[in-house]
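Written below as structure tokens is the structure these notes are about.
The values are calculated or read from the model by the stated rules, or taken from the named source; none is laboratory data. Please read all numbers here as calculations on a predicted model, not as lab measurements. Don't worry about glycine lacking a Cβ; one is built from the backbone with ideal geometry, like all the others, and counts go over all protein chains shown. SASA here: full protein model, heavy atoms, side chains in, ligands and nucleic acids out. Shrake-Rupley method; radii C 1.70, N 1.55, O 1.52, S 1.80 Å.
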Amino acid sequence: WICADFVALQMCESDSFRAMMTHQNPQCKHFSRNQATQTMTLKHDEIEQLVQLFAKDEYYALTMDHWSSCAHDGYLVVTIHFINNDWKLVSFTLRIGKTTGSQTGVNIVGDLRAILRENGLIEVNLVALVTDTAANMNSAGNLLTEDHEINYHYCLDHVLELTTGMAFKDENIP
């Protein structure tokens with residue numbers, strides 16, 4: 001619930017939240033902010049191990065997005081996608097977090113390569129990359145395709161958003 005709805009960890013220690021939970025279930029065991037953090041850290045480590053177990057030596061695709069907060073901090077999210085032995089599509093978020101330095105294509109590629117190394121992923125097994133249409137992401141995608149053959153695509157949602165935005169701004173369209 002905390003992760004799915006981006007709820008602040010301090011919610012765990014809110015008196016009104018605890019009262020609501022106790023009302024719903026009198027046997028409810030309350031947990032602290034620290035316990036929630038420890039649980040999420042353990043879950044993160046489990047997922048990281050699963051990625052390394054399932055994705056090692058496999059071909060995979062990535063989706064990647066980079067954005068700036070209101071405070072001009074850079075953030076990067078990288079998600080891996082691959083087909084497992086049961087022919088099921090598997091997706092994991094490899095990383096979502098703050099980046100340092102300028103948000104150039106070169107720096108984004110450096111961050112991405114560090115994430116791949118940390119997860120035991122072989123870069124030459126990357127077969128496809130999908131990003132938004134921002135100039136720095138386009139630069140990153142082009143830099144990656146220089147080293148080896150990767151199918152690089154723009155996110156269809158981003159392209160549709162840009163296209164419809166231009167159509168609505170066009171004064172010649174009723």
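Please work out if Leu62 is touching a residue at least 24 places away in the same chain (Cβ under 8 Å) and closer than 17 Å to Leu116 by Cα. Steps first, please.
Details: touching a residue at least 24 places away in the same chain (Cβ under 8 Å): yes; closer than 17 Å to Leu116 by Cα: yes.
Criteria met by Leu62.
State all residues of the range 46-75 that are farther than 30 Å from Ile122 by Cβ and surrounded by 11 or more Cβ atoms within 10 Å (Cβ to Cβ); if no residue qualifies, say none. Quick ask: steps written out before the conclusion?
Start the filter on the range 46-75 by keeping residues that are farther than 30 Å from Ile122 by Cβ, which leaves 68-73.
Selection gives Ser68, Asp73.
Any chance you could count how many residues in the range 1-55 are of a type in the set (D, E, K, R), assigned to a helix (DSSP H, G or I) and under 26 Å from Arg95 (Cα atoms)?
Pass one, the range 1-55, residues of a type in the set (D, E, K, R): 5, 13, 15, 18, 29, 33, 43, 45-46, 48.
Keeping just the survivors that are assigned to a helix (DSSP H, G or I) gives 13, 15, 18, 33, 43, 45-46, 48.
Applying the additional criterion that residues be under 26 Å from Arg95 (Cα atoms) yields 33, 43, 45-46, 48.
Qualifying residue count, the range 1-55: 5.
Mind counting the residues in the range 33-56 that are at pLDDT 85 or above and in contact with a strand residue (DSSP E or B) (Cβ under 6 Å, 6 or more places away or on another chain)?
Residues that pass the stated criteria total 0.
Of (1) loosely packed, with under 12 Cβ neighbours inside 10 Å; (2) farther than 22 Å from Gly97 by Cβ, Lys43 satisfies all except one. Which?
(2)
Filter the helices (runs of 4 or more DSSP H) completely within the range 91-174 down to those with at least 3 residues that are open to solvent by less than 40 Å² (accessible area, probe 1.4 Å). Lay out the reasoning, then the answer.
On the way: elements: 105-118, 135-147, 156-169.
The helices (runs of 4 or more DSSP H) meeting that bar are 105-118, 135-147.
Examine the range 28-47 for a residue that is among the charged types (D, E, K, R) and in contact with a Leu (Cβ under 6 Å, 6 or more places away or on another chain), and state whether such a residue exists. Please lay out each step first, then the result.
Keep residues of the range 28-47 that are among the charged types (D, E, K, R), which gives 29, 33, 43, 45-46.
Now narrow it down to the ones that are in contact with a Leu (Cβ under 6 Å, 6 or more places away or on another chain): 33.
Among the residues of the range 28-47, at least one is among the charged types (D, E, K, R) and in contact with a Leu (Cβ under 6 Å, 6 or more places away or on another chain), which makes the answer yes.
Suppose we keep only residues that are more than 16 Å from Val127 (Cβ to Cβ) and within 11 Å of the chain's Cα centre (by Cα) within the range 76-89. Which one would you say is least open to solvent (accessible area, probe 1.4 Å)?
Initially, the range 76-89 is screened for residues more than 16 Å from Val127 (Cβ to Cβ), giving 76-77, 85-88.
Add one more test, that the residue is within 11 Å of the chain's Cα centre (by Cα), and what stays is 76-77.
Working: Leu76: 5, Val77: 30 Å².
Per the stated criteria, the residue is Leu76.
Need the failing condition index for Asp65 against (1) modelled with pLDDT of 85 or more; (2) charged (D, E, K, R); (3) not in a strand (DSSP E or B), just the number.
The number of the failed condition is (3).
I need a count of the residues in the range 145-162 that are among the β-branched types (Val, Ile, Thr) and within 17 Å of Ala134 (Cα to Cα). Step through it out loud before you land on a result.
Narrowing the range 145-162 to residues among the β-branched types (Val, Ile, Thr): 145, 150, 159.
Remaining after also requiring within 17 Å of Ala134 (Cα to Cα): 145, 159.
Qualifying residue count, the range 145-162: 2.
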